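Report on the following structure.
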Amino acid sequence: MVRVAILSYWHVHAKDYARMAAEHPQTEIAALWDENPQRGRQKAEELGVPFFEALPELLANPDIDAVIVVTPTTQHREVLIAAAAAGKHIFTEKVVATTTKACNEILAAVETAGIKLVVSLPRLYTGFTQAAQRLIQGGDLGTVTTVRIRLAHNGALPTDASPNGSLPAHFFDPLESGGGAMIDLGCHPMYLARLFLGLPERVSAGYGSIMGRQVEDSAVTIMHYANGALGIVEAGFVNSYSQFNIEVQGTEGSLLYDRSDNKLLMRKSGGPALWQEVTEMPEAVPTAFEMWVSHIQQGTTATENIALARDLTRLMEASNLSAQSGAAYRLSDLSE
């Protein structure tokens, strides 16, 4: 049994990770810490576990094997390095850090400590991602020319029940979040575009604030590749409905996926004139959380997950820098 501590309820996904830990047959929630003591005490009481006022005290507890990190994104470097130094296995909300330099420092601390790290990148492990990647790698689409992925919801739009939108106010505080729609939602299309196309040479990004917040609520990043291919990542908090779409264009075929019907469609040159559903859909592989528990118990390393998470941080930092400067930003110019 892996005894897990939850570190913060800052992110809206904290409740989901708590549920995963409670439902997994080989993990149990044993403690909680939060940078907001009032919130932390309330959540600890709801879970029926001890609340720790001080993070060092929790990390020094030998009865805690691992931590789930759901703190403000800008605190990841401090919290993850402290957890690694204390010998605690780490499952963390994306992104690993707001800069490549901080991400590399975290990964170095994880390697030195010999603990097991997995980053929550949930759309990597779905059946539609596995199927799309198989078709791309198998050459069914020819040379991939464009990948366009959009993820958006209405979290910043006012409603009668939530005049300021359904997202918590701290999601719009750059000192805590490290950014807005791109770093929170755009990360998912970004790591999928990275999976399908590899790392680009440079990115160019444009961010907008429709609701006038401190961070962007509408964002687009274009990933530019040496062979002329493009990856287009779109994210927003100001959609009238929740949207997730994937479009992959190639010289010999195309793929479409829409979450609304959960169907992957393909159309090939020289084939039927209509879109055909991809019916041979692989089963989803184990979730990131399930993988994490397995790596802890088997002593293995989430090599692919960590590599993609590091690349995601690089792409996110380059995107933010491009949006700030108004110019394209080369990944090779990032400070390591």
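Residue count for the range 1-56 under the criterion of being among the charged types (D, E, K, R), closer than 21 Å to V293 by Cα and more than 21 Å from the chain's Cα centre (by Cα): the result is 3. Taken over the range 152-171, residues that are surrounded by 15 or more Cβ atoms within 10 Å (Cβ to Cβ) and among the polar types (S, T, N, Q) amount to 2. A single entry from E336, E252, E304 fulfils the requirement of being touching a Gly at 6+ places or on another chain (Cβ under 6 Å) and of a type in the set (D, E): E252.
Hey, among the residues in the range 311-336 that are among the charged types (D, E, K, R), part of a helix (DSSP H, G or I) and touching a residue at least 24 places away in the same chain (Cβ under 8 Å), which one's nearest to A235 (Cα to Cα)? Among residues in the range 311-336 that are among the charged types (D, E, K, R), part of a helix (DSSP H, G or I) and touching a residue at least 24 places away in the same chain (Cβ under 8 Å), the one nearest to A235 (Cα to Cα) is E317.
Would you confirm whether or not the range 238-254 contains a residue that is closer than 25 Å to T92 by Cβ and either open to solvent by 20 Å² or more (accessible area, probe 1.4 Å) or more than 21 Å from the chain's Cα centre (by Cα) (or both)? Yes, the conditions are met somewhere in the range 238-254. The C-beta contact set for the range 109-133 (first residue within 21 Å of G299 (Cβ to Cβ), second residue aromatic (F, W, Y) and at pLDDT 95 or above, distance under 7 angstrom, 6+ apart or interchain) comprises K116/W292; V118/F91; V118/W292. Could you list, in sequence order, the residues of the range 183-202 that are open to solvent by 30 Å² or more (accessible area, probe 1.4 Å) and either of a type in the set (V, I, T) or touching a His at 6+ places or on another chain (Cβ under 7 Å) (or both)? Hits for the range 183-202 are E201, R202. Tell me yes or no: at least one residue of the range 261-280 is open to solvent by less than 20 Å² (accessible area, probe 1.4 Å) and small (G, A, S). Among the residues of the range 261-280, not one is open to solvent by less than 20 Å² (accessible area, probe 1.4 Å) and small (G, A, S), which makes the answer no.
Residues in the range 160-219 that are β-branched (V, I, T) and in contact with a Pro (Cβ under 9 Å, 6 or more places away or on another chain): V215 alone.
Yes or no: the range 172-179 includes at least one residue that is of a type in the set (A, V, I, L, M, F, W, C), out of contact with any Ser or Thr (no Cβ under 8 Å at 6 or more places or on another chain), open to solvent by less than 20 Å² (accessible area, probe 1.4 Å) and assigned to a helix (DSSP H, G or I). The answer is yes, given that some residue of the range 172-179 is of a type in the set (A, V, I, L, M, F, W, C), out of contact with any Ser or Thr (no Cβ under 8 Å at 6 or more places or on another chain), open to solvent by less than 20 Å² (accessible area, probe 1.4 Å) and assigned to a helix (DSSP H, G or I).
If you go through the range 1-43, how many residues are assigned to a strand (DSSP E or B), surrounded by 20 or more Cβ atoms within 10 Å (Cβ to Cβ), touching a residue at least 40 places away in the same chain (Cβ under 8 Å) and not aliphatic (A, V, I, L, M)? Here the count works out to 1. Go through the range 299-310 and give me each residue that's in a helix (DSSP H, G or I), touching a residue at least 24 places away in the same chain (Cβ under 8 Å) and of a type outside the set (S, T, N, Q). Hits for the range 299-310 are I306, L308, A309, R310.
Just one of the numbered conditions (1) under 29 Å from R330 (Cβ atoms); (2) of a type in the set (S, T, Y); (3) free of Cβ contacts under 8 Å to residues at least 12 places away in the same chain is not true of T143: (3). None of A82, A60, A30 is of a type outside the set (V, I, T), closer than 28 Å to Q298 by Cα and touching a helix residue (DSSP H, G or I) at 6+ places or on another chain (Cβ under 8 Å) except A82.
Conditions (1) at pLDDT 95 or above; (2) under 17 Å from G138 (Cβ atoms); (3) aliphatic (A, V, I, L, M); (4) in contact with a His (Cβ under 7 Å, 6 or more places away or on another chain), marked per residue:
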| site | (1), (2), (3), (4) |
| --- | --- |
| V238 | yes, no, yes, no |
| E247 | yes, no, no, no |
| P282 | no, yes, no, no |
| D311 | yes, no, no, no |
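A count restricted to the range 216-246 and to residues that are closer than 19 Å to A328 by Cβ and in a loop (DSSP other than H, G, I, E, B) stands at 6.
The strands (runs of 3 or more DSSP E) found entirely in the range 44-151 that carry 1 or more residues being open to solvent by less than 40 Å² (accessible area, probe 1.4 Å) and in contact with a Leu (Cβ under 6 Å, 6 or more places away or on another chain) are 66-69, 89-92. Inspection of the range 234-246 finds no residue satisfying the criterion of being of a type in the set (V, I, T), farther than 25 Å from P200 by Cβ, in contact (Cβ under 8 Å) with a residue 60 or more places away in the chain and out of contact with any strand residue (DSSP E or B) (no Cβ under 8 Å at 6 or more places or on another chain).
The values are calculated or read from the model by the stated rules, or taken from the named source; none is laboratory data. Quick caveat, the model's predicted, so the values are computed rather than measured. As a convention, Cβ positions derive from the backbone with ideal geometry for all residues, glycine included, and neighbour counts pool all protein chains shown. Areas reflect the complete protein model, heavy atoms only, side chains present, ligands, DNA and RNA absent. Shrake-Rupley method; radii C 1.70, N 1.55, O 1.52, S 1.80 Å.
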